[in-house]
Amino acid sequence: MIIAITNGKGGVGKSTIAINLAGSLASKSKNVLLIDADPQGTVSYWLNTRKKQPTSDLLHKNLHIIPNPWTLTDFGDRLRQEAQKFAFTIIDCGPANGQIERAAFASSHFAIIPVTPSPYDIDSSKKTIDMVAEGKISAGIKVNPYLLISKKVVGTNLGQEVREALRLFGLPILKTEICQRIALCEAGIVGQTIYEYARKSQATLEFEILAKEVIKWRNQN
């Protein structure tokens, strides 16, 4: 199963979600491939830092990373070829709605579109949602898009407010809400997933819940 993490708006937490969703799935003994398709190379930077740190044996065994994506001309074919070897393939897309993102959509079964509790981000996300709809209509793309509330501020009602606003898009919204937590930043700095860095934290629990939602997709297909 191939899942693209994407939104043309930068700063919504795509790389954090891609890394930690992949880590959470790997912690559940799922064979996972994480692909860095973001020109900014956040996953690649994280991987270079990770190589210098002790890592979980379980994740080391189950989490595989391709830091430099293939050229656009063979991206789709190579992606589908590699994905056959894994239970889950997670693609960290860049902050654009360009050709690489479209190629990722064309090859993915699902897309997770993170949206922060901000009217500006909600408006910017509409461009990505429209791109998915356009692709499904004009190119026969069968990706199933889901919205994910990201960077929710703990102790506020912003999650519920943005959920109500997102319903206007007519797309399913994941039950999981990823909150803005210092532990996620700290884990990234040392090249670890949140599962490795703070296994019993609330942040880890949120990604475990997200992973369960994703596993349910696979079980239903």
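The values are calculated or read from the model by the stated rules, or taken from the named source; none is laboratory data. These figures come from a predicted structure and were not determined experimentally. Here the Cβ is made from the backbone with ideal geometry for all residues, glycine too, and neighbour counts use every protein chain on show.
Against the conditions (1) touching a strand residue (DSSP E or B) at 6+ places or on another chain (Cβ under 7 Å); (2) of a type in the set (Gly, Ala, Ser); (3) assigned to a loop (DSSP other than H, G, I, E, B), Ser150 satisfies every one except (3). Among the residues of the range 119-137, is any over 24 Å from Cys179 (Cα atoms), modelled with pLDDT of 85 or more and of a type outside the set (Ser, Thr, Tyr)? So far as the range 119-137 goes, no, none of its residues is over 24 Å from Cys179 (Cα atoms), modelled with pLDDT of 85 or more and of a type outside the set (Ser, Thr, Tyr). Under the condition of being free of Cβ contacts under 8 Å to residues at least 40 places away in the same chain, closer than 26 Å to Lys61 by Cα and under 17 Å from the mean Cα position of the chain (by Cα), the residues counted in the range 169-186 number 1. The residue list Glu206, Glu164, Glu196 contains one member that is under 20 Å from Leu63 (Cβ atoms) and either surrounded by fewer than 20 Cβ atoms within 10 Å (Cβ to Cβ) or modelled with pLDDT of 95 or more (or both), which is Glu206. Pairs please, first residue from the range 189-202 and more than 21 Å from Leu47 (Cβ to Cβ), second anywhere and at pLDDT 95 or above and in a helix (DSSP H, G or I), Cβ atoms under 8 Å, 6+ apart in sequence or on different chains. That search, which allows pairs on different chains as well, returns Ser201/Ala183; Ser201/Ile194. The single condition among (1) closer than 25 Å to Asn31 by Cβ; (2) assigned to a helix (DSSP H, G or I) that Leu168 does not satisfy is (1).
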